[in-house]
Structure formats: structure tokens, C-alpha cells
1. What strands (runs of 3 or more DSSP E) lie completely within the range 28-115 and have 1 or more residues being out of contact with any Ser or Thr (no Cβ under 7 Å at 6 or more places or on another chain) and open to solvent by 40 Å² or more (accessible area, probe 1.4 Å)?
2. If I ask for residues that are in contact with a Leu (Cβ under 7 Å, 6 or more places away or on another chain) and open to solvent by less than 70 Å² (accessible area, probe 1.4 Å), which ones from the range 1-19 would you list?
3. Considering only residues that are within 11 Å of the chain's Cα centre (by Cα) and small (Gly, Ala, Ser), look in the range 34-60 and name the one that is modelled with the highest pLDDT.
4. Return yes or no: is Glu84 under 25 Å from Glu3 (Cβ atoms) and either more than 9 Å from the ligand (Cβ to nearest atom) or in contact with a Gly (Cβ under 8 Å, 6 or more places away or on another chain) (or both)?
Amino acid sequence: MHEYSIVTALIEECERHAQANNAIKISRVEIKLGILSGVEPELLKTAFETFKLEGICREAELVMNIQPLILMCLDCGQSTEHSERSVICSHCQSGQTKVLDGEDMLLMQLELEQA
Ligand SMILES: [Zn+2]
């Protein structure tokens with residue numbers, strides 16, 4: 001499943017940060033999840049709860065911040081927020097827009113416990 005490989009990569013990233021900071025434990029993992037990232041929050045959470053048990057994220061809480069789609073309009077210059085997939089500017093209805101945010105999943109913050 002898609003979410004499983006994402007979670008595996010996420011946990012590996014957390015482990016690298018933990019090692020770099022001599023942490024013995026990660027208590028909180030905060031991510032940004034774009035609505036266009038193609039990741040299902042519920043599935044991601046389930047996958048995280050399953051895979052975290054084997055590593056340093058064992059007791060970590062996963063916090064997901066859902067990032068709406070942000071479009072920048074090339075015609076009127078305004079940026080607008082969308083809760084659904086869209087390419088249309090809400091101000092001038094132009095379709096000439098560029099995605100500024102909401103497409104990816106990013107690790108935002110980790111709470112580490114040092115030895
Ligand atoms: Zn516009």
C-alpha cells in the first residue's frame with residue numbers, strides 16, 4: 001500500500017534526525033499533509049501506529065496538519081486557499097494559476113528526548 005511506503009520513509013527520516021541529535025526517544029512527530037499529496041490521513045495514521053512499534057518512534061504521537069491547496073493566480077496576482085483540487089482562481093476565475101502549497105507531505109517538527 002502507498003501509505004505504508006510513505007510511513008517507512010517517514011520513520012527512517014525520524015530515525016536519522018534522532019541519531020544526529022543523540023536522542024533516545026521521539027515523543028512527537030508533526031507532519032504537514034497536503035490535500036493533493038494523494039495520502040489518506042486515516043491510512044497514514046494506521047500505518048504509522050503499526051510501523052512505529054519497531055523503532056525509536058515507538059511511543060511517538062503523530063500529529064497531522066492538513067495543508068489546503070494554495071493557488072497563486074498569474075492573472076490577478078492573488079493567492080487563494082482551496083479545500084479541494086482546483087486550478088481556478090477564486091477572485092477572477094482565471095485558470096492561469098500555479099500551485100504554491102498543498103501538494104506534498106513534509107516532516108515539520110520532531111520532539112526528541114535526549115539521553
Ligand atoms: Zn485571479
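The values are calculated or read from the model by the stated rules, or taken from the named source; none is laboratory data. Everything numeric in this text was worked out from a predicted model, so none of it was measured. Please note: Cβ atoms are built from the backbone with ideal geometry, for glycine as well, and neighbour counts cover all protein chains shown. Only protein heavy atoms, including side chains, enter the accessible area calculation; ligands, DNA and RNA are left aside. Shrake-Rupley method; radii C 1.70, N 1.55, O 1.52, S 1.80 Å.
1. 61-67, 79-82, 97-101, 105-114
2. Correct list: Glu3, Ile6, Val7, Leu10, Glu13, Cys14, Ala18.
3. Selected residue: Gly34.
4. Considered against the rule, which asks whether it is under 25 Å from Glu3 (Cβ atoms) and either more than 9 Å from the ligand (Cβ to nearest atom) or in contact with a Gly (Cβ under 8 Å, 6 or more places away or on another chain) (or both), Glu84 comes out as yes.
Here is a yes/no grid of residues against (1) acidic (Asp, Glu); (2) over 13 Å from Met105 (Cα atoms):
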site: Thr8; (1), (2): no, yes
site: Asn21; (1), (2): no, yes
site: Gly38; (1), (2): no, no
site: Phe48; (1), (2): no, yes
site: Glu59; (1), (2): yes, yes
site: Ile66; (1), (2): no, no
